[in-house]
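The block underneath contains the structure these notes are about, expressed in structure tokens.
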Amino acid sequence: AVVRIREALAKQQKILVYGDYDVDGITSCAILVKLLKNLGGSVDFYIPSRISEGYGLNKEAIDVVHKQETKLIITVDNGISSYEEVKYASSLGLDVIITDHHEPQQQIPQAVAVINPKQRDCNYPFKELAGVGVALKLAHALMDTDTYSKLNQEFLELAAVGTVADMVILLDENRIIVKNGLANLGNTNNKGLSAMMTLLNLKDNSVEPGKISYLLAPRINAAGRIADPKIAVELLLSEKDTHAFELATNLEKINQERQALEMRVLDEAKEVIKQKINLDLDNIIVISSPNWHPGVIGTVASKLTEIYGRPCIMIAEHRGEGRGSGRSIPGFNLFKAI
């Protein structure tokens, strides 16, 4: 991966960082875009729309970036299951580097490099890094002494936010990333994070993981849930205080809309459960409606799982198709059950 990225930097080839619309994907994207720009690269980013594109690499997006003469795609927090999409990109002359932390499928994509500690033959000692932890490792491998001293603390802060938000286990290396990232988060140099901290009255305070989970993460996530996730990446890449504050204020408004939407969907879901689910007989709740926004069904399913103490799948219907999101309880593997 390092060899191919250095080649792209040396030849001034267009590089695209292809992210995801959650906090883990957004912080991963910000780290690599910022680093590659600092190393003099011609770099852009792409975050797919949750509503119209869904998760991960897709052929339409590959077509778009191919027309823009991109030569190298680096995925963050996605790509390990994109076998066909990577094959398609290669057929167009596009190289792909995958950085991901999700479970590999049977076929590993034929990319230039695949960085994922969960691969069967990977001897990396810690397997539970978040997507942003994997992106941070690639950043460390690319950094020279100058960029390391300039950017490493900021990158640790972004990695801490993404790691906590993605709910990975806070042990081993994740614990080290979070401990060092949170140490100075209240006085961060990242203008976007700083603006969010000011809005949330966290500036100049010591920040514990709970404040990221309940205050910071939902606001960064909100853009990807019901608006344009690019806003959140632009916030974290912002170089001007005024611009950062505008974006942070915008995210705050989007988050308020998300909360209102979530409350409405939760109330409707409870009503559907009351009418259609027999809680004495049904061990798993499966409900659907054309009125539900696909951006909030995951968080509502999570709340329903807490309320009713059983796994829950919610399906948002749209034009004859359903898009579902599920949450489970300890000891029950919903993925295997499906």
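Excluding D44 itself, calculate the net charge of residues whose Cβ lies under 15 Å from the Cβ of D44, where each Lys or Arg counts +1 and each Asp or Glu counts -1.
Combined, the nearby Lys, Arg, Asp and Glu give +4.
Would you kindly derive the ³J(HN,Hα) couplings of segment 181-196 from the backbone phi angles with the Karplus curve 6.51 cos²θ - 1.76 cosθ + 1.60 (θ = phi - 60°), listing them in order in whole Hz, with x for Gly and Pro?
Coupling constants for segment 181-196: x, 7, 3, 10, 4, x, 10, 4, 7, 6, 5, x, 4, 4, 5, 5 Hz.
For the pair R310 and N38, how long in nm is the line joining their label points, each one 7 Å along Cα→Cβ?
For R310 paired with N38, the spin-label model returns 5.1 nm.
Quick one: Karplus J couplings for segment 289-306, per residue in order, coefficients 6.51, -1.76, 1.60, θ = phi - 60°, nearest Hz, x for Gly and Pro?
After applying 6.51 cos²θ - 1.76 cosθ + 1.60, I find 6, x, 8, 9, 7, x, x, 10, 5, x, 6, 5, 4, 4, 5, 5, 4, 5 Hz.
So what is the accessible area of segment 266-338 per residue, in Å², with the probe set to 1.4 Å?
63
I'd like the accessible area for R6: 1.4 Å probe, protein heavy atoms, all chains in place, Å² to the nearest 10.
It works out to around 120 Å².
Quickly work out the A113-to-M263 label distance, labels modelled 7 Å from Cα along the C-beta direction, and quote it in nm with one decimal.
4.8
About its Cα centre, what dipole magnitude does the chain give when the only charges are +1 on Lys and Arg Cβ and -1 on Asp and Glu Cβ, stated in debye to the nearest 20?
For this selection, approximately 100 debye.
With the other protein chains left in place, how much accessible area per residue, in square angstrom, belongs to segment 171-246 at a 1.4 angstrom probe?
Here the per-residue accessible area is 48 Å².
How are the alpha carbon pair distances in segment 238-325 distributed across 5 Å bins from zero to the largest one, expressed in percent?
Once binned at 5 Å, the Cα pair distances of segment 238-325 give 3, 14, 21, 19, 14, 9, 7, 6, 4, 2, 1, 0.
How high is the relative contact order of segment 180-277? Use alpha-carbon pairs under 8 Å, at least six apart in sequence, and give a whole percent.
Computed value for segment 180-277: 30 percent relative contact order.
Taking K and R as +1 and D and E as -1, what net charge do the other residues with C-beta under 9 Å from the C-beta of K59 add up to?
Summing Lys/Arg as +1 and Asp/Glu as -1 gives -4.
Tally Lys/Arg at +1 and Asp/Glu at -1 over every other residue whose Cβ is under 9 Å from the Cβ of N189; what's the total?
In short, -1.
Shape call for segment 160-274 from the C-alpha gyration tensor, a ≥ b ≥ c root eigenvalues: rounded (a/c under 1.5), prolate (a/b greater than b/c) or oblate?
oblate
Just to confirm my numbers, what's the Cα centroid distance between segment 71-113 and segment 1-66 in Å?
The two parts, judged by their Cα centres, are 12 Å apart.
In debye to the nearest 20, how big a dipole does segment 44-200 give about its Cα centre with +1 on each Lys and Arg Cβ and -1 on each Asp and Glu Cβ?
200
Taking 8 Å as the Cα distance limit and 6 or more residues as the minimum spacing, I'd like the relative contact order of the chain as a percentage.
Contact order relative to length: 13 percent.
Send over the per residue convex hull volume for the chain, Cα only, as a whole number of Å³.
Expressed per residue, the convex hull around the Cα atoms of the chain is 145 Å³.
What longest range of the chain stays clear of loop-exposed GluC sites (Glu not before Pro) (DSSP non-H/G/I/E/B, at most 15 other C-beta within 10 angstrom)?
70-238
If the reach is capped at under 19 angstrom between alpha carbons, list the lysines near K137, excluding any in the same chain fewer than eight residues apart.
K34, K37, K118, K127, K150, K179
With θ set to phi - 60°, apply the Karplus curve 6.51 cos²θ - 1.76 cosθ + 1.60 along segment 255-262 and write out the HN-Hα couplings as whole Hz, x wherever there is a Gly or Pro.
5, 5, 4, 4, 4, 5, 4, 4
Charges only on Cβ, +1 for Lys and Arg, -1 for Asp and Glu: so what's the dipole of segment 127-211 about the Cα centre, in debye to the nearest 20?
Dipole magnitude for segment 127-211 comes out near 140 debye.
Ignoring ligands, DNA and RNA, what percent of the accessible area of the chain is carbon or sulfur (1.4 Å)?
50
Which cross-chain or sequence-distant (5 or more) residues have an amide H under 5 Å from the amide H of D228, H modelled 1.01 Å from N in plane?
Answer set, sorted by chain and number: none.
The values are calculated or read from the model by the stated rules, or taken from the named source; none is laboratory data. The structure presented is a predicted model; accordingly, all values stated were derived computationally and were not measured. Counting neighbours? That spans all protein chains shown, and the Cβs are built from the backbone with ideal geometry, glycine included. Calculation scope for accessible area: heavy atoms of the full protein, side chains included, ligands and nucleic acids excluded. Shrake-Rupley method; radii C 1.70, N 1.55, O 1.52, S 1.80 Å.
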